[in-house]
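The block underneath contains the structure these notes are about, expressed in C-alpha cells.
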C-alpha cells in the first residue's frame, strides 16, 4: 500500500496565465486531506494534474517514489488513483450497476466479475436497491453516491472527491461525512476532499490546504483554518481591505 | 516561368471554387453546428433553374437566355431563396437535435432536391452554353490562360472581398461572426438568433448559386450531381480549416484545390490516377497533426 | 415601481436545485450585491434573469414586462446587460467590434460614439489596441473589455458576475470607480455578484447573501459586513 | 448477498426477436414472394448486415463514420479475388499475386477470409485514425473511403479499375443473406454486452469519466472499429455473391448515405434501431415502388408518377427525424422483460 500521493511544486499555465504556481501538497493514506479556496483558485486544475487530465507545466506528481507526471488518465487510474467530478458525470444511459462495472472492466476484470464486485460495492454503500436504475434519472444525492462507488471499485489507493456535497442539505451532508469516514476506516484509502461546504471540510478533514489564485496560502488542522485571517481574507476580503490600509 | 504561371492559375481557379463552397458550409456550421449536405444540391438546383424542364440532352434555356445583368441576380436570388426555405421548412425544427440527426436531415433534403430535378430533367447531363466566348484564351506574361479561368479567379476574389466586407463592415456580418463564435453570449447582447441564422442561410445560398454559375459556364454541362464533389471537398476544407473559422475554411479550400492541381502536375505518371488517394491521405495526416483544425480559435483550455 | 423584480424563482439543473425560491427586487439607480460561497447559486441567478437558463418556477420581470421564459435577446432589448462568468470575449473579433456588438439594440444611436469615447477613456489600454484581436488579451484586459461591452449596450441595468476575478487590486478600484460614476451620471442600476464582501462594504448599497440556493441574509452592505453573523452565514460555521 | 443477474439473461431476447423478425420475412418471401421480391428481400438482408456493422462502431462509440462502405468494398473485391475462376482472373486481373489468382475458394471460405481482410485493414488504419474524436474522426473516415475508392477505381491490374469484375458465383439468396444478417446481429449483440462494448458506450456518454474509470478509449474504439469492419466486410462479400459483379462505385457515397440515413432514422444508439431502421425504410420504399407501378384498389388504379418514391422517402425521413430526433427507437431495444429467464430474486 502506498503511503503518500504528492504534488511536488506543480505549476500549470493556460495561455500564459498561471492557474497554479509551484503548489506542493501531500495526500497521506488513511487520512482525509481537505482542499478549499474561492472560485478560480485552481482547485480543479490541481485535481486534474493529480489524476492525469492536465499535464503540469512544471513540477511532478509522485506516488511515494513513483513519478506519475505525464501519464494518461486511464493509466493513473490503473495505478490506483481514483476521482469523482464536480458535475457527477455518470454514464447517463447506463444502469447504476453498469456504471460501477465500467470501472471494473476498465481495470481489466471480466464482465461477470465486474458485476459481482459492483454489486458488493453498492451493498457496501447501501444503495444496492438502485442497481437497475438508469443513472441519468437519479436524484443528485444518489448520483453522488454512485459516483463515489464508481471511483471506489477495485480498492484504489487514493480517491479524490471533487465537491461531493454540492447542492446537498445538511442531513445529506451528514450522511456523506459518515461515508467518507467509512472509506478511511474500512478501505484504508487516502482521501482528498475538495469542497465549498467549508463546515463539512472543517468537520471531516485531518489536514486542510487553502488554495487562492493558484498558491497554497495556508494549511493546517480545522482549528487553525477556522481562526485564519488569511482564509477569511481569501474568501471574503477583510475589514482591513475595506479601510484601504493593505491591499 | 510560363509553365509555373499556368499551374498557378489552374491551382487558383480550382481552389477558389472550393473556397466559395467551404465558406458556404462554414457559415451555416458556425451558427447552427449543422453540416449542410444539401449545399451541393443547391448548386445543381440553381443551374437547372435556368432551363426548361425536359429530358432532352441539349438543354433548352429559359431564364438562361436573359442578359447577364438580369440572369445573374435572378440565379443568386434563387440560391438564397432555396437555402432560406430549407431553413424554415426543415432545419428550424431541428435546432436542438444532435449533429448527426441534423446532418442526415440535410442529406435527406438534398436527396429530395436531387430527385425533384431528376423528375423534371432526367438523370442525363445536359449541354448548356452560357457565355461561350469566355473560353477563348488570353495571354498573360506569356502564359495562355482561358479567359473564363481568369474570370473565375477574379469573380471568386470579388465575391470573397465582398463577403469579407459584408462580414467585417456591416452589422449583420458582425453579428454573424459573433454568433458563429459564441451564440449564447451574442444573444445576451441582443443579437437575434433567427435573423442571424436566416442571414447565414441566405448568404450560403448566394454562394451556392455563384458556384453554380461558374461551374455551368466552365464545364458547359448541367448535371444533377455536379454539386456533390464540391460540397464534399468544401466540408473537408471546413473541418481542417477549424470549425467556426471562416478564414480557415477559405484558406483550406484554396489549399485543397491547389494541392490537387499540384499533385496532378508533379506526381509520376503511374501514380497520377491515384491523386485523390494522396490528397485524402494528406487530409488524414493534417487531422492527426491538428485535430481541431489548422486555424481553430485558440480557446481550448481545461476540459474537465 | 421596481425596475427588476424576481419573484420566488427556482432553477434546476436536472435533479439538482441551484436556486430554491429566491426573490429580489431592485429600484432604478440602486446597487445590489449578491455574495456567498462557491456553488451558492449566484451565477445561476444572473443567468436566469438574462434568459440563459429557464427557471422551473417563479417569474421575473424587468421594467414591468415579464421576461422569464423569453429568449435572451429579448431581455437584452429591455435594457438588461450582462457580464457573465467566464467573460465570453469574442476572441476572433477586434476589441472595437466586441464593444460595438451590443449597440445594435440601442435606440439612442447618437450617443454610441460618445459612450465609446468614455469606455476608451476609462480603459485606455482598450483604445490602444482597439483594432487588435480580443483573443490575445490577458484575463484582466478581457474583464475590462466585457465590462465596456456591457456598458456599450446602453443598459438600464447592468449585471456583472465577479468583476474583480483575476484583476489586480488597482484595476478593481478603477472598474468600480467607473461603474459608480456611471451609476450616478446615468441612473444606471447595478447588480453585482462578488464572492468577496469587501467591495460591498466599500461601495455601499444593499447586499444579499446566497448559500445553498437560498437567500440566508439580506440588508445594508456596510452594516452586514461588520457583523459576525455574515461570517457564520457565509461559511456555515457551527452547522457542521 | 444478492447476485446480479447476468447481462445475457437480461437482454438475450433482443437478438432473438430481431432474428425472428427476419426469419418471418424470409419465410413469407419463400411462400408468397415472386422472384423479384426475393431479390429485394435479399438486398434488404444484406443492408441489415451492413447497417448492423455500422452500429457496432457508430452506435457504441458515438463517432459518425462515413468510411464503412470502404470495408464493404474491400470485402466484396476480396470475394471476387478468391472465388472468380482462375482462368478468368488471369485475364481480367493480371496483377493479383500467384497464390490468389490460382485459388478458388468455396463461398464460406471466401466469406471468412474476405471479412478478415476488411478487419485487418481496419486494424491498420484504425491504429492511426482512432486517435481522433468527434467530427475530425468523421472526416478522417470519409477521407479513408475516398482513398479506398480512388485505389479500387484505378488499380487496373488488381481491381479492373472502373470496369466491373464479373464471374463471381451468385450464391447469395434469401437464406444466405438471412444467415449473414443473423450472424451480424449476433456479433453486434455479443460485442455490445461484452466488457469492450460496455466500456466504449461509457466513453460515448462521458469520455472523461470513462478515462477516470480506467478505460483506454483509443483501444476500445480500435476494437470496435475492427469488429465492425469485419461485419461490413462480410456484407460486402454477400453483396458480391448476390450481384455476381463488383464495381467500385457501388461502395461509395450512395450506399454510405442511404445506409447512414436508415441507421439514424431507426435510432443510432440501438441495435434494434439499426435493424428496424433498415426494415422499415426498405418496406416504405417497396410500398412506394408498388404504387409507382400502379395498384388496384376496388377497381381503381392508383399510380404515382415515377420519381415520387425517392422524393417521398426523403420527406418521410425528415418528418420522422423532426418528430423523433433520436430516431424511431431512440436508445431503447426491443426486449421481452423476464424472458426467457425469470428474475432469480424477488424483492
Taking chain D as a Gaussian network, where each spring joins two C-alpha atoms under 10 Å apart, which residue of D:61, D:110, D:213 fluctuates the most? D:213
Distance histogram in 10 Å bins (all Cα pairs of chain B, percent per bin): 6, 26, 34, 24, 8, 1, 0
Along each principal axis of its Cα atoms, how long is region C:2-235 end to end? Whole angstroms, biggest number first, please. 46, 37, 33
Roughly how far apart, in whole Å, are the Cα centres of region C:118-195 and region A:129-160? 43
Structure-based [θ]222 nm, chain B - -39500 (n - 2.57) summed over DSSP H runs of at least 4, per residue, nearest 500: -22500 deg cm²/dmol
Projected area, mean over directions - region D:1-82, Cα convex hull, nm²: 8.9
Helix A:170-182 sits at what angle to the longest principal axis of chain A, using alpha carbons and giving 0 to 90 degrees rounded to 10? 70
Quick one: what Rg and Dmax do you get for region C:118-181 from the alpha carbons, in Å? 11.2, 30
For region C:94-147, what log10 I(q)/I(0) values come out of the Debye formula at q = 0.29, 0.31 1/Å, with one point per alpha carbon and no solvent? -1.24, -1.35
Would you kindly give the portion of the calculated P(r) for region D:42-135 that falls above 17 Å, as a percent of all Cα pairs? 58
Count the DSSP beta bridges whose two residues both fall in the protein assembly as shown, then state the antiparallel fraction as a percent rounded to the nearest 5. 60
Largest-first principal axis extents, alpha carbons of chain A, Å: 65, 40, 33
What fraction of the Cα pairs in region B:223-275, stated in percent, has a spacing above 13 angstrom? 62
Kirkwood hydrodynamic radius (Cα pairs, Å) of region A:45-143? 14.9
For chain C, the longest principal axis of the Cα atoms and the Cα long axis of helix C:112-122 enclose an angle in degrees, to the nearest 10, of 70
Using a 10 angstrom cutoff on alpha carbons, build the Gaussian network for chain D and name the most mobile of D:240, D:212, D:136. D:212
Cα gyration tensor category, rounded, prolate or oblate, for region D:157-256 with a/c compared to 1.5: prolate
Under the classification rounded if a/c is under 1.5, otherwise prolate if a/b is larger than b/c and oblate if not, where does region B:22-169 fall, given a ≥ b ≥ c as square roots of the Cα gyration tensor eigenvalues? oblate
Kirkwood-Stokes translational diffusion coefficient of region C:161-233, alpha-carbon pairs, 10 °C, 1.306 mPa s, µm²/s: 120
Send over the semi-axes of the protein assembly as shown's equivalent ellipsoid, whole angstrom and largest first, taken as the square roots of 5 times the C-alpha gyration tensor eigenvalues. 54, 40, 27
Rounded to whole Å, √(5λ) for the Cα gyration tensor eigenvalues of region B:155-266, largest first, gives 29, 17, 13
Region B:129-173: C-alpha gyration tensor shape, a/c 1.5 cut-off, then a/b vs b/c: oblate
Across B:141, B:111, B:183, the residue with the highest GNM fluctuation in chain B (Cα network, 10 Å cutoff) is B:141
Could you work out the pair-distance distribution P(r) of region D:197-347 from its alpha-carbon pairs, with 10 angstrom bin width and percents rounded to whole numbers? 9, 23, 31, 23, 9, 4, 1
Principal axis lengths of region D:5-252 from Cα atoms, whole Å, largest first? 57, 45, 27
More than 21 angstrom separation, counting every C-alpha pair in region A:145-217; what % is that? 25
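Rule-based calculations on the coordinates, nothing more; no lab input. Remember, it's a predicted structure, so these values are computed and weren't measured experimentally.
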